[in-house]
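Notes to accompany the following structure.
The values are calculated or read from the model by the stated rules, or taken from the named source; none is laboratory data. A quick note: this is a predicted structure, and the numbers were derived from the prediction, not measured. Cβ sites come from the backbone with ideal geometry, for glycine too, and all protein chains shown count toward neighbours.
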């Protein structure tokens, strides 16, 4: 192929993917249909692996396609599909504008020990304990969190500003969206990664991808046997070194006519930059190469792996991932268990599969999904948890279950969701306005979609809430609406395992259609 | 939830209810001669919501008695719940549409619709069927989901409620038409005119926490009162209100009450629902505060059966 065409295809394709990603995550009005989003998520490597592991159906096998693609063309994924990768390329470009030096890379030795250690640790932790390392390091999730925690609020603020201006002209096509922040602590992780990945990509190209990212390292391993690669035409090459200078992965050793294929992300910048047309992308040709093995390195890797396995055995007896009930009896809202979103099946299952990408948090039209900071324990940090002080789970909605890329939230049809009990409302009479103030309230019961929370006679003309737990689905509308403070008079205690709620029964009223005015 | 309204600015002075309001400072508007109101209340039964309104408004002298040329009108339906029209949790969309049409016919410059919803507002506006039909009739359907749309007002004579934040459009429009749907209510026993006002204000929680019935009555003191109340009694939720669970909660009453006196409207609505007026505490409170007349016997009521 002609020299710059491949690169141009890469830029156009990745730009589209990137724009789509950004739109999905800043789409605070849920304008993008779920199936489009699911298509986009299908090819995200880590979510797809987890979903496939859960469902074991090919329809969740986007990662197989990525593996195949990698076997064919190397780490194309990293340049074409990975949103974090594309974002880094963007940063590198910006870096080059700031300082020319930032865009002159040159060959560097790989951080072999570091990257394989991280990959190994991630794999082991994932297999032994759960998704926690992946949660931190999956590039898709990292990018998704940048969007949810930083980009979306900015977009909403701009929207609100414009909605304010339009409102002055009596135009209401844009509406004000109240910005509700998250607990400060959940910003810390995305902030650290933003600085780390952002800083590295601004000044050092794809160093993050080739030093830390476990997906990059893993695909790098596979691409070592890929069919298509960057090749040197040694006779045409004048060893000018431009290719190495432009290589974001710092993986071209032009003096040896060698490309470290495990780090090459198939960006095709080298082909584009080569004035001698000495670099091409084509089927691999094997040349004899003296293979030197660094035994000491191997020993170190093996040793660290063993150590890790050993550690995992030791710590296996410790704290399981399921959140411990917090037995805080002094607090009137005695929550024993956090409420995990519908479709999560059980908190243990959910915690195992969720990589905290925040897509559901982003999508929830009610903003009831909030990143956890301690509800699920430290391991479940940033996974979504229902926060009924912020909002409630709207009855006619299944968005989060439809959109989860890892199947941590199983898809629920609306009828099933309406009968999925994720928690139970608990009434605390001593907090209730009706008892404390002796005045009417009923905010909880009027909000209840199933009338699990209903009013029964109290003193005089007053009525007071009562909860029928078996038809309660734990949507939290009662808790959200309850005006009691600082402790609510009704709250939802999560079910550690979701169960089926009973369908609310209803009988036709015996009030008849009037034939005369009763007044 | 009801809206208060603007009797003052609206020529609504035309109505008998106007006499109960403070008119101070609005002499100019008052000066356009109001047509004499024949009835305090018109009750219609037996037709479709839009046909009943046509008939009812005619008996009240037509929409021109309430809306003058070039005025801005706020219509406040109850669309607070994410529930389809058949389940009677929200004002009938056909009725809303017909009122909008009458307003424009009377020369309204703009007609606005909003509600501070209890469920997700986008879903409520959508599934109530009101947003679509109101837009098609030319009204502006306005968000009310953010505190930024609300402005502080004072109700100095309120007993429990002396301050509230109301939607800015209540303040900016000339005529307020209150269009509640009659429903059972789990705590106050009934929701119609006065309780519809809760969709005009931002902080409903305060009402719930500070003697709900008194707050409902207190808010009715606020100077912007409705020129007209239209109570939708077509599909009436007689239990499990105000949200309802299923169609078993609904009784088809095919009725409508149009009145300039919202306390009287609520008293009549209570009869429709079969609840003693005294049980609905905010009605006698509002009556005692002089906000209207709950003694239907002393009112001039026109009853129409179609």
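Please indicate, with yes or no, whether at least one residue in region A:451-460 is assigned to a strand (DSSP E or B), buried (at least 24 other Cβ atoms within 10 Å of the Cβ) and within 11 Å of chain B (Cβ to nearest Cβ). Even if it seems obvious, please write down each step before you answer.
Restricting attention to region A:451-460, the residues satisfying the condition of being assigned to a strand (DSSP E or B) are A:453-457.
If we keep only those that are buried (at least 24 other Cβ atoms within 10 Å of the Cβ) as well, we get A:453.
Narrowing further to those that are within 11 Å of chain B (Cβ to nearest Cβ): A:453.
Yes, region A:451-460 contains at least one residue that is assigned to a strand (DSSP E or B), buried (at least 24 other Cβ atoms within 10 Å of the Cβ) and within 11 Å of chain B (Cβ to nearest Cβ).
Quick one: how many residues across region B:186-242 are within 17 Å of residue B:280 (Cα to Cα), more than 8 Å from chain A (Cβ to nearest Cβ) and part of a loop (DSSP other than H, G, I, E, B)?
Number of matching residues: 4.
For the condition under 28 Å from the mean Cα position of the chain (by Cα), outside the structural domain of residue A:357 (by TED's automatic domain parsing) and farther than 21 Å from residue A:6 by Cβ, what is the one hit in A:62, A:74, A:106? Lay out the reasoning, then the answer.
Numbers: A:74 fails: farther than 21 Å from residue A:6 by Cβ; A:106 fails: under 28 Å from the mean Cα position of the chain (by Cα).
Among A:62, A:74, A:106, only A:62 is under 28 Å from the mean Cα position of the chain (by Cα), outside the structural domain of residue A:357 (by TED's automatic domain parsing) and farther than 21 Å from residue A:6 by Cβ.
Out of all the residues in region B:53-60, is one or more under 18 Å from the mean Cα position of the chain (by Cα), on the phi < 0 side of the Ramachandran plot, away from chain A (no Cβ under 13 Å) and not in a helix (DSSP H, G or I)?
Yes, region B:53-60 contains a residue that is under 18 Å from the mean Cα position of the chain (by Cα), on the phi < 0 side of the Ramachandran plot, away from chain A (no Cβ under 13 Å) and not in a helix (DSSP H, G or I).
Hey, could you check region B:200-211 for residues that are touching a helix residue (DSSP H, G or I) at 6+ places or on another chain (Cβ under 8 Å) and touching a residue at least 24 places away in the same chain (Cβ under 8 Å) and say which is surrounded by the fewest Cβ atoms within 10 Å (Cβ to Cβ)? Let's see the steps before the verdict.
Pass one, region B:200-211, residues touching a helix residue (DSSP H, G or I) at 6+ places or on another chain (Cβ under 8 Å): B:200-202, B:204-209.
From what's left, touching a residue at least 24 places away in the same chain (Cβ under 8 Å): B:200-202, B:204, B:206-207.
Details: B:200: 31, B:201: 25, B:202: 19, B:204: 22, B:206: 17, B:207: 25.
If we take residues in region B:200-211 being touching a helix residue (DSSP H, G or I) at 6+ places or on another chain (Cβ under 8 Å) and touching a residue at least 24 places away in the same chain (Cβ under 8 Å), then B:206 is surrounded by the fewest Cβ atoms within 10 Å (Cβ to Cβ).
For region B:67-89, give me each residue that is more than 14 Å from every other protein chain (Cβ to nearest Cβ) and surrounded by 24 or more Cβ atoms within 10 Å (Cβ to Cβ).
Listed by number, the residues that qualify are B:67, B:75, B:76, B:77, B:79.
For region A:38-45, indicate whether the set of residues that are under 21 Å from residue A:228 (Cα atoms) and either outside any helix (DSSP H, G or I) or free of Cβ contacts under 8 Å to residues at least 24 places away in the same chain (or both) is non-empty. Give the derivation first.
In the first step, residues of region A:38-45 are kept if they are under 21 Å from residue A:228 (Cα atoms); the result is A:43, A:45.
Cutting the leftovers down to either outside any helix (DSSP H, G or I) or free of Cβ contacts under 8 Å to residues at least 24 places away in the same chain (or both) gives us A:43.
Yes, some residue in region A:38-45 is under 21 Å from residue A:228 (Cα atoms) and either outside any helix (DSSP H, G or I) or free of Cβ contacts under 8 Å to residues at least 24 places away in the same chain (or both).
Residues being surrounded by fewer than 24 Cβ atoms within 10 Å (Cβ to Cβ) and in contact with a strand residue (DSSP E or B) (Cβ under 6 Å, 6 or more places away or on another chain): count how many of those fall in region A:461-485.
Residues in region A:461-485 being surrounded by fewer than 24 Cβ atoms within 10 Å (Cβ to Cβ) and in contact with a strand residue (DSSP E or B) (Cβ under 6 Å, 6 or more places away or on another chain): 4 in total.
Going through region B:246-260 one residue at a time, which ones are crowded, with 23+ Cβ neighbours inside 10 Å and part of a loop (DSSP other than H, G, I, E, B)?
B:260
Residue A:409: under 30 Å from residue A:63 (Cα atoms) and within 13 Å of chain B (Cβ to nearest Cβ), yes or no?
Values: under 30 Å from residue A:63 (Cα atoms): yes; within 13 Å of chain B (Cβ to nearest Cβ): no.
It is false that residue A:409 is under 30 Å from residue A:63 (Cα atoms) and within 13 Å of chain B (Cβ to nearest Cβ).
Among the listed residues B:45, B:23, B:41, identify the single one that is modelled with pLDDT of 95 or more, farther than 29 Å from residue B:143 by Cα and surrounded by fewer than 23 Cβ atoms within 10 Å (Cβ to Cβ). Write out each step before concluding.
Numbers: B:23 fails: modelled with pLDDT of 95 or more; B:41 fails: surrounded by fewer than 23 Cβ atoms within 10 Å (Cβ to Cβ).
Sole residue among the options that is modelled with pLDDT of 95 or more, farther than 29 Å from residue B:143 by Cα and surrounded by fewer than 23 Cβ atoms within 10 Å (Cβ to Cβ): B:45.
Does residue A:14 satisfy being in the same structural domain as residue A:279 (by TED's automatic domain parsing), at pLDDT 90 or above, surrounded by 21 or more Cβ atoms within 10 Å (Cβ to Cβ) and more than 17 Å from the chain's Cα centre (by Cα)? Walk me through it before giving the result.
Values: in the same structural domain as residue A:279 (by TED's automatic domain parsing): yes; at pLDDT 90 or above: yes; surrounded by 21 or more Cβ atoms within 10 Å (Cβ to Cβ): yes; more than 17 Å from the chain's Cα centre (by Cα): yes.
So residue A:14 passes the test.
Filter region B:119-165 for residues that are without any contact (Cβ under 8 Å) to a residue 60 or more places away in the chain and within 20 Å of residue B:194 (Cβ to Cβ) and give the result.
Listed by number, the residues that qualify are B:144, B:150, B:154, B:156, B:159, B:160, B:161, B:162, B:163, B:164, B:165.
Assess whether residue A:96 counts as being crowded, with 20+ Cβ neighbours inside 10 Å and either more than 27 Å from residue A:264 (Cα to Cα) or in contact with a helix residue (DSSP H, G or I) (Cβ under 9 Å, 6 or more places away or on another chain) (or both). Before you say what the answer is, go through the steps one by one.
Numbers: crowded, with 20+ Cβ neighbours inside 10 Å: no; either more than 27 Å from residue A:264 (Cα to Cα) or in contact with a helix residue (DSSP H, G or I) (Cβ under 9 Å, 6 or more places away or on another chain) (or both): yes.
Criteria not met by residue A:96.
If you take the residues of region B:90-124 that are within 10 Å of another protein chain (Cβ to nearest Cβ) and part of a helix (DSSP H, G or I), which of them is surrounded by the most Cβ atoms within 10 Å (Cβ to Cβ)?
Only one residue fits best here, namely B:124.
Which of the residues that make up region B:127-155 are more than 14 Å from residue A:173 (Cα to Cα), more than 10 Å from chain A (Cβ to nearest Cβ) and not in a loop (DSSP other than H, G, I, E, B)?
Across region B:127-155, the qualifying residues are B:130, B:133, B:134, B:136, B:150, B:151, B:152, B:153, B:154.
Those residues that are touching a strand residue (DSSP E or B) at 6+ places or on another chain (Cβ under 6 Å) and part of a loop (DSSP other than H, G, I, E, B), I need them from region B:61-89; list them, please.
B:66, B:67, B:71, B:78, B:88
I want to confirm something. Restricting to region A:156-186 and keeping residues that are under 25 Å from residue A:86 (Cβ atoms) and surrounded by 18 or more Cβ atoms within 10 Å (Cβ to Cβ), which single residue is farthest from the other protein chains (Cβ to nearest Cβ)?
Let us first name the residues in region A:156-186 that are under 25 Å from residue A:86 (Cβ atoms), namely A:156-159, A:186.
Filter again for surrounded by 18 or more Cβ atoms within 10 Å (Cβ to Cβ), leaving A:156, A:159, A:186.
Details: A:156: 11, A:159: 11, A:186: 23 Å.
In this case the residue turns out to be A:186.
On the given criteria, is residue B:245 facing another protein chain (nearest Cβ under 9 Å), free of Cβ contacts under 8 Å to residues at least 12 places away in the same chain and farther than 24 Å from residue B:74 by Cβ?
Details: facing another protein chain (nearest Cβ under 9 Å): yes; free of Cβ contacts under 8 Å to residues at least 12 places away in the same chain: yes; farther than 24 Å from residue B:74 by Cβ: yes.
So residue B:245 fits the description; yes.
A quick yes/no check of all residues on (1) within 30 Å of residue B:146 (Cα to Cα); (2) touching a residue at least 60 places away in the same chain (Cβ under 8 Å):
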site	(1), (2)
A:119	no, yes
A:122	no, yes
A:131	no, yes
A:146	yes, no
A:149	yes, yes
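Which condition does residue A:504 not pass, out of (1) more than 29 Å from residue B:277 (Cβ to Cβ); (2) touching a residue at least 24 places away in the same chain (Cβ under 8 Å); (3) more than 11 Å from chain B (Cβ to nearest Cβ); (4) over 34 Å from the mean Cα position of the chain (by Cα), if it passes all the others?
Answer for residue A:504: the failing condition is (3).
Conditions tested, residue by residue: (1) under 27 Å from residue B:175 (Cβ atoms); (2) buried (at least 24 other Cβ atoms within 10 Å of the Cβ); (3) over 14 Å from the mean Cα position of the chain (by Cα).
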{"site": "B:193", "(1), (2), (3)": "yes, yes, no"}
{"site": "B:228", "(1), (2), (3)": "yes, yes, no"}
{"site": "B:243", "(1), (2), (3)": "no, yes, yes"}
{"site": "B:269", "(1), (2), (3)": "yes, yes, no"}
{"site": "B:283", "(1), (2), (3)": "yes, yes, yes"}
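Just to be sure, is residue A:56 farther than 29 Å from residue A:175 by Cβ, at pLDDT below 90 and crowded, with 17+ Cβ neighbours inside 10 Å?
On the way: farther than 29 Å from residue A:175 by Cβ: yes; at pLDDT below 90: yes; crowded, with 17+ Cβ neighbours inside 10 Å: no.
So residue A:56 does not fit the description; no.
In region B:285-297, what residues are part of a helix (DSSP H, G or I), touching a helix residue (DSSP H, G or I) at 6+ places or on another chain (Cβ under 7 Å) and surrounded by fewer than 23 Cβ atoms within 10 Å (Cβ to Cβ)?
Those that are part of a helix (DSSP H, G or I), touching a helix residue (DSSP H, G or I) at 6+ places or on another chain (Cβ under 7 Å) and surrounded by fewer than 23 Cβ atoms within 10 Å (Cβ to Cβ): B:285, B:287, B:296.
Would a scan of region B:166-181 turn up a residue that is within 14 Å of another protein chain (Cβ to nearest Cβ), surrounded by fewer than 23 Cβ atoms within 10 Å (Cβ to Cβ) and in contact with a helix residue (DSSP H, G or I) (Cβ under 9 Å, 6 or more places away or on another chain)?
Within region B:166-181, one or more residues are within 14 Å of another protein chain (Cβ to nearest Cβ), surrounded by fewer than 23 Cβ atoms within 10 Å (Cβ to Cβ) and in contact with a helix residue (DSSP H, G or I) (Cβ under 9 Å, 6 or more places away or on another chain).
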